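Comments concern the structure below.
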Amino acid sequence: MMNEVTQIDKIALAMPEISSWKVGARELVRAFFPNAEIQINKDIIKDILIINISSQSDTLIFSADLLGKNIQKKSYDIKRPIVSKKFKGFFYRFLSGLTKRSLPWGCLTGIKPVKIIQELLDDNGHDWDRAKQSFQTKYCVSKEKTDLAIHIAKVEAPFIDLEAHHKVSVYIGIPICPAKCAYCSFVSTIADKKGKLCADYLDVLLHEIDRFSVLFEKHDLIIDTLYIGGGTPSVLTEDQIQKLLKFLTDKFDLSHLREFTFEAGRPETTTLRKLEILHDYHVNRICLNPQSMNDSTLQAVGRLHSAEDIRRKFSMIKEVGFESVNMDLIVGLNDETPKMFFSSLEQVIALHPENLTVHSLAIKKGSRLREENGCGLHQLYSKQFYDEISKRLANNGYYPYYLYRQKYAQGNGENIGYCLSGKEGVYNILMMAEKQTIIGIGAGATGKIYHSESDRFDKVYTVKDLRTYNQRATEIIDKKLSAYSQSFKAH
Ligand code: SF4
């Protein structure tokens, strides 16, 4: 029965019209059946797996029918109200019984599982053991993932200053790239040969920085970390980078910065002069992203550099004297095999960057990787595969310091940031912890306003399309500033 059920590619859910339950149910069914088409409360076709969910006074009932035959039925005693979290816990147990499988993260489908540890610590008088036990039992999380989440939460804790309400982090977005990577899902615009796009955008950006400097001053805000990300910020010319950093230094008080990151992800955009300028303006963390160290893969996914370019630029970054370098690798890029991934990993470890982030790419059904290997991703990128990554990194002094999950990625579906001792990427931790306001400047730069009184945050979205941003800058910046100033007034 197990194979029969797990191979199902169409699932119909008949359930109460409660939107939070529907969201949770869809996420869990997707986690157990990653390739199945899911329908909720639509016309039921007989030859698919049908899951009925209903609740009667103090009972929650789940039942599954396959080809018109009931294959599983379970009811659970409940106490009302059944919030979404509780509903997911019951539904997870039912699906686990139905498929005879358990998921490493249990019924947690959100992208920030480590944040839940913080909530459990608050609920359990900051007792780590109780928070750990609660995490594992309440959400059915495996022991291994519980240990990982607890480890990361402990690493992150000293970086999160819950009392510093006047501190903010700033993200400046430069969503422009030299060429599009085949796997890219960001809204990033390709730079034109004449450089007009970068020049126009920089003008808008400087104007926005100027406007925000007034807000910072008015509310006595202290900038804790600064992150210039993309796209590929190093696509700007040397003069443009110099102009941006000089303007930032003139307008913002950067004397309290704990960390200043600049993404120079694509090595072909980085020059010695650009690095020297960044260093002169006290950037202390650089991102240089190989993604893979296999030239054939790099070529296939539209990266314009080789593994050798990465090695050369890494040495240049170190010669200029930056404190910290982050390097990203992606599992499953261009259908790479585990052996190819480990070759990249070993080459990057040999460079000894302070931060190394391992991303999981969502690999679609019918991809070459699946076709050629004739098996599911969970067999190729198995638990053993991910264990081996952690083991090799640990053997070289790296430990995990931040983690987020990708909603629709297959395999492990996690992105984990590893670091050498004492070299945690502070901005990444703050982004995940959501206990500090993040100001987003530029196109597509989503901000987060943290409300300490209620321990919640609001997101501040902005226009992603660069040309629209450039054309309607004043109106867009006005709107954004108004959202932030409202929140600071309220504090
Ligand atoms: S460098 Fe990043 S943002 Fe730019 S195209 Fe590649 S994946 Fe997309």
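Suppose we filter Thr137, Thr146 for residues that are surrounded by fewer than 16 Cβ atoms within 10 Å (Cβ to Cβ), outside the structural domain of Tyr201 (by TED's automatic domain parsing), more than 16 Å from the ligand (Cβ to nearest atom) and not in a loop (DSSP other than H, G, I, E, B); which single one remains? Only one candidate passes the filter, namely Thr137. Among the candidates Lys339, Lys313, the residue that is assigned by TED's automatic domain parsing to the domain that holds Leu202 and surrounded by fewer than 18 Cβ atoms within 10 Å (Cβ to Cβ) is uniquely Lys339. In summary, Ile209 fulfils each of the numbered conditions (1) surrounded by fewer than 17 Cβ atoms within 10 Å (Cβ to Cβ); (2) touching a residue at least 24 places away in the same chain (Cβ under 8 Å); (3) out of contact with any strand residue (DSSP E or B) (no Cβ under 6 Å at 6 or more places or on another chain) with the single exception of condition (1). Within the stretch 291-302, residues that are in a helix (DSSP H, G or I) reach partners that are of a type in the set (Gly, Ala, Ser) with beta carbons closer than 7 Å, at six or more positions or on different chains, in the pairs Asp295/Ser306; Asp295/Ala307; Leu298/Ser292; Leu298/Ser306.
Give all pairs with beta carbons closer than 7 Å in which a residue from the stretch 176-205 that is within 7 Å of the ligand (Cβ to nearest atom) meets a residue that is in a helix (DSSP H, G or I); count only pairs at least 6 apart in sequence or on separate chains. That search, which allows pairs on different chains as well, returns Cys177/Val235; Tyr183/Leu333.
Considering only the stretch 224-235, state which residues are closer than 28 Å to Thr189 by Cα and away from the ligand (no atom under 16 Å from the Cβ).
Let us first name the residues in the stretch 224-235 that are closer than 28 Å to Thr189 by Cα, namely 225-235.
Passing the criteria: Thr225, Leu226.
Assessment of the stretch 469-490 against the conditions (buried (at least 22 other Cβ atoms within 10 Å of the Cβ) and among the hydroxyl-bearing types (Ser, Thr, Tyr)) yields at least one matching residue. Of the residues Leu215, Leu221, the single one that is more than 16 Å from the ligand (Cβ to nearest atom), assigned by TED's automatic domain parsing to the domain that holds Ser306 and surrounded by 21 or more Cβ atoms within 10 Å (Cβ to Cβ) is Leu221. Can you work out which of the residues in the stretch 286-297 that are surrounded by fewer than 24 Cβ atoms within 10 Å (Cβ to Cβ) and closer than 21 Å to Asn355 by Cα is nearest to the ligand (Cβ to nearest atom)? Of everything passing the filter in the stretch 286-297, Asn289 is nearest to the ligand (Cβ to nearest atom). Name the single residue, out of those in the stretch 90-103 being within 25 Å of the chain's Cα centre (by Cα) and surrounded by fewer than 20 Cβ atoms within 10 Å (Cβ to Cβ), that is nearest to Leu162 (Cα to Cα). So, considering only residues that are within 25 Å of the chain's Cα centre (by Cα) and surrounded by fewer than 20 Cβ atoms within 10 Å (Cβ to Cβ), the one nearest to Leu162 (Cα to Cα) is Leu103. Among the residues of the stretch 149-168, is there at least one that is touching a Lys or Arg at 6+ places or on another chain (Cβ under 8 Å) and either closer than 19 Å to Cys107 by Cβ or part of a helix (DSSP H, G or I) (or both)? The answer is yes; a qualifying residue exists.
Pairing each residue of the stretch 221-233 that is modelled with pLDDT under 95 with any residue that is of a type in the set (Gly, Ala, Ser), provided the two are 6+ apart or on different chains, yields C-beta distances under 6 Å for Gly231/Ser188.
So that you can scan it fast, the table gives a plain yes or no per residue for (1) within 20 Å of Ile223 (Cβ to Cβ); (2) outside any strand (DSSP E or B); (3) modelled with pLDDT of 95 or more:
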{"position": "His359", "(1), (2), (3)": "no, no, no"}
{"position": "Ala362", "(1), (2), (3)": "no, yes, no"}
{"position": "Gly366", "(1), (2), (3)": "no, yes, no"}
{"position": "Glu372", "(1), (2), (3)": "no, yes, no"}
{"position": "Tyr402", "(1), (2), (3)": "no, no, yes"}
{"position": "Ser421", "(1), (2), (3)": "no, yes, yes"}
{"position": "Lys435", "(1), (2), (3)": "yes, yes, no"}
{"position": "Gly440", "(1), (2), (3)": "yes, no, yes"}
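Is it true that Phe341 is in a loop (DSSP other than H, G, I, E, B) and of a type in the set (A, V, I, L, M, F, W, C)? Against the criterion (in a loop (DSSP other than H, G, I, E, B) and of a type in the set (A, V, I, L, M, F, W, C)), Phe341 does not qualify.
From the list Tyr171, Tyr183, Tyr139, the lone residue that is more than 30 Å from Leu333 (Cβ to Cβ) and hydroxyl-bearing (Ser, Thr, Tyr) is Tyr139. When Gln133 is tested against (1) more than 30 Å from Arg211 (Cα to Cα); (2) in contact with a Ser or Thr (Cβ under 8 Å, 6 or more places away or on another chain), only condition (2) is not met. Filtered by the rule that a residue be closer than 14 Å to Arg312 by Cα and not acidic (Asp, Glu), the stretch 253-271 gives Ala264, Gly265, Arg266, Pro267, Thr269, Thr270, Thr271.
The values are calculated or read from the model by the stated rules, or taken from the named source; none is laboratory data. Since we're looking at a predicted model, the values are computed, not measured. Cβ sites come from the backbone with ideal geometry, for glycine too, and all protein chains shown count toward neighbours.
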